[in-house]
Structure formats: C-alpha cells, structure tokens
Amino acid sequence: MLGALTEPGPPVWHPASKEALAACAKAAEACRAEGVDIAKLALRFCLDHPYVASTLVGMSTTKQLTANLAALESTPPPALLRKVASILAPFGDAAWPSGFPENQDESVRIH
C-alpha cells in the first residue's frame, strides 16, 4: 500500500485516489482508537490471508524490523478486523502501477 496503511500515512506523491487515502486514514483512526497499529494489523492480515503466497515488507529501521517481527506473534481483534475491512471494502481491488510500464498487468484496475 506504499505507506497508506501506516500511522504516518502515505507520502504526498502516493498514486491512490483521495477517497482511497481518506478511507485508509479512517481505518488508521479506528485502529488507533483500539490501541492497535494499523501497519501491524495490515501485515497480519496479509500473513493470514489464504490467497497470499508471499508478503513483501518494506522497512528501513531496526524499530520497523522489530515491529514487523512482533506482528508474527500478534492476533488482531476480530471485531477490529471486520471494522477496518468494512471501511476499506470499496477499495478492495484498488491497485496502481509501479515499476516499468512493460511489466504492468493490464488486467489490474487502477483507482
């Protein structure tokens, strides 16, 4: 998600629509209200999803590495997962291109 599901939020150049980014901010607020880091919840979701074969995680600090490793041992509250899923549902198939144009899958929807 290029930082959209993190506490600091996405970079200003993020290619998602304003609506998608607003939904991500709302999801982060829902997590914050429950004392859960949205990035940890998002990582755990990817790790648990039955159709995800591998998960690539970007990190640049030891603190981020430690947090990502802690996500392996976490169990997100089911009610919070449902709430965040509901908030993000309209953007569940959102994607945006990255990398070289010749490597793009034309079947991917862009929001």
Listed candidates (1) 123; (2) 88; (3) 151 - label of the one calculated as volume of the Cα convex hull per residue in Å³: (1)
Would segment 9-68 count as rounded, prolate or oblate if I go by the C-alpha gyration tensor, calling it rounded below 1.5 in a/c and otherwise prolate when a/b exceeds b/c, oblate otherwise? rounded
Leaving ligands, DNA and RNA out of it, report the carbon-plus-sulfur percent of the accessible area of the chain at a 1.4 Å probe. 60 percent
Mean separation of Cα contacts under 8 Å (at least 6 apart) over the residue count of the chain, i.e. the relative contact order in percent, is 27 percent
Average accessible surface area per residue within segment 9-111, 1.4 Å rolling probe, Å²: 71 Å²
Sorted by accessible surface (1.4 Å probe, heavy atoms of the protein chains only), largest first, L80, L56 come out as L56, L80
Highest GNM mean-square fluctuation, the chain, Cα pairs closer than 10 Å: which of A71, A53, A95? A53
Round to the nearest 10 and report in Å² the accessible area of E102, as given by a 1.4 Å probe over the protein chains' heavy atoms. 140 Å²
Springs between alpha-carbon pairs under 10 angstrom, Gaussian network model over the chain: which of A39, A85, A28 fluctuates most? A85
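The values are calculated or read from the model by the stated rules, or taken from the named source; none is laboratory data. Just so it is clear, the model here is predicted, and its values are computed rather than measured. Keep in mind that these areas ignore ligands, DNA and RNA; they rest on the heavy atoms of the full protein, side chains included. Shrake-Rupley method; radii C 1.70, N 1.55, O 1.52, S 1.80 Å.
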